[in-house]
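Just so it is clear, none of the values below were taken in a lab; they were calculated from the coordinates. All values reported here derive from a predicted model rather than from experimental measurement. Don't worry about glycine lacking a Cβ; one is built from the backbone with ideal geometry, like all the others, and counts go over all protein chains shown.
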Amino acid sequence: MDDIDQFFQNSDYNTIRVLLSAAGLWPFHTRIRRYAINLVIMLIIGCDFIFQLLDTIAIRHDFFAVIHSLPLILGTIIIINKTICSIYNLPQIKILLTMMYEYSISLKSDEEIKLHNLRVQNGRKLCNAYMGFIVSHSILYYIISSLMIFYTKYIETEELSNNTLHDQISGIPNSINSTLVDEDTESLPIFIYSIVSDCVIMFTITVSDVLYVTMTEYCCGLFAALRYRLEFALEFDNDELTMLDNKSYLNVVYSIRRHTETIQFVTNLEAIFSSNLMVHVGLLVLILACLVYEVTVIGKVMGTNYIIQTIAYLNFILLNIFFENWQGQKIIDSSEKVFESAYNAEWYSMPIASRKLLIMLMMKTEKPLMLRMGKLVVLSYVTFNAVLRTSSSYFMLLQSLQ
């Protein structure tokens, strides 16, 4: 286990090792350490959810205030689901990490290593850009929240001070407000607590999404290396190109084994994220509808600061949905190209035995691999489009209920 930990520490996967360790999800740490971190995270998120739920119950008669609270509550449910699923699927995460280590020490050509590492490095850059986007939007969100607190305390009008909706969205990032506590004396402690709890929530989202992106990009790297071996199956001999016919048989056998390992990797990846993403994307449909409603309807009453704050949250949700479906589309595209590479190989110059194996591989790769949510919905551009259309339908429904 020390060898695996050392491998991840000295590789392009160190970011995911650090994030999983901080979240109590690094499977090579002791149980006590993991359980202690998991307990702290669940307590913070659980308390935040209870406060939000109680506050929503308190303002249940105000339609606009409930719509404002709903995205926050649903978002917290998503985080709780992510955390529970990650803890439950920790053995599967350990299997994937072990497979990554075993592949790294297996025999490969320099070109295969180069192609695979290129996708891994792209995945690392993508994760860094994604984390930067989350941090920047979180900072924007809290800056606007602080400005709204200042606005509430010093520029409050009589009309707004009597407005329940204005009390509900007085600048505190989550739903804890004056319906449960006295904001005049406790707004600062509440704001600090909100920042802490929301930072934990954003960190949990980041860990789950970065793990997902890292694994999918790694899988695309496996397909890229496999395609190279197939295209040069007739000629490939270690690091040199020769014209030995018997090498084609060994290379096709090697490719079949690698493709089988990749199928196992995708299967384990789907087992980790299937139920997680099903709940995630399903609730994000409702969140999107509520946020669009807030921007277009409630924002007209509350002003520019409120609109900017909501748009920051809306942009994050849109990017999150796109990222998940984009990575699923990458798996589809990469696996489809394996069939093309097998077809483009010089199969007509291969021995009969090699051709038969190649036909078997082509039959297996004719149908692309896919990541499914709940084993029903395929993650792809089509699903992303369907999510947007469904959210717009719910938005129209909210407008009709106004």
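Observations, loosely collected:
- Kirkwood hydrodynamic radius computed over the stretch 266-337 comes to 14.1 Å, based on all pairs of distinct alpha carbons.
- The trypsin sites (Lys or Arg not before Pro) found in the stretch 35-141 that occupy coil by DSSP, while having at most 15 further C-beta atoms within 10 Å, are ARG60.
- Among the chymotrypsin sites (Phe, Trp or Tyr not before Pro) in the stretch 34-88, none sits in a DSSP loop with a Cβ that has at most 14 other Cβ atoms within 10 Å.
- Rh (Kirkwood; distinct C-alpha pairs) - the stretch 273-389, Å: 17.1
- 19 Å cut-off, amide nitrogen to a point 7 angstrom out along GLN399 Cα→Cβ, residues in the stretch 256-294: 285-294
- Between LYS114 and PHE322, the contour length at 0.36 nm per residue exceeds the alpha carbon distance by 72.1 nm.
- Proximal charge balance of GLY24 [Cβ under 11 Å; K/R count +1, D/E count -1]: +3
- With Cα atoms as the point set, the stretch 73-141 shows a radius of gyration and Dmax of 17.2, 51 Å.
- Applying 0.36 nm per residue to the separation of TYR88 and VAL196 and subtracting their alpha-carbon distance, the gain on full extension is 36.4 nm.
- Pairwise FRET efficiency - GLU366 versus ASN122, Cβ, R0 = 25 Å, nearest 0.05: 0.40
- In range of the label at ILE50: residues from the stretch 74-107 whose backbone nitrogen is under 17 Å from the point 7 Å along Cα→Cβ: 76-77, 80
- Hull-based mean projected area of the stretch 325-402, where the convex hull spans the alpha carbons, in square nanometres: 6.6
- Relative contact order of the stretch 263-372: 34 percent, from C-alpha pairs under 8 Å at least 6 residues apart in sequence.
- Violating pairs (Cα-Cα greater than 26 angstrom) within the set LYS114/LYS247; LYS108/LYS337; LYS125/LYS375; LYS125/LYS367: LYS125/LYS375; LYS125/LYS367
- If R0 is taken as 51 Å, the Cβ-Cβ distance between ARG355 and VAL40 corresponds to a FRET efficiency of 0.30.
- Summarising the label geometry, the points placed 7 Å from Cα in the beta-carbon direction at PHE133 and LEU250 lie 4.5 nm from one another.
- Theoretical gain in end-to-end length, GLU346 to SER392 [0.36 nm per residue, Cα-Cα removed]: 11.6 nm
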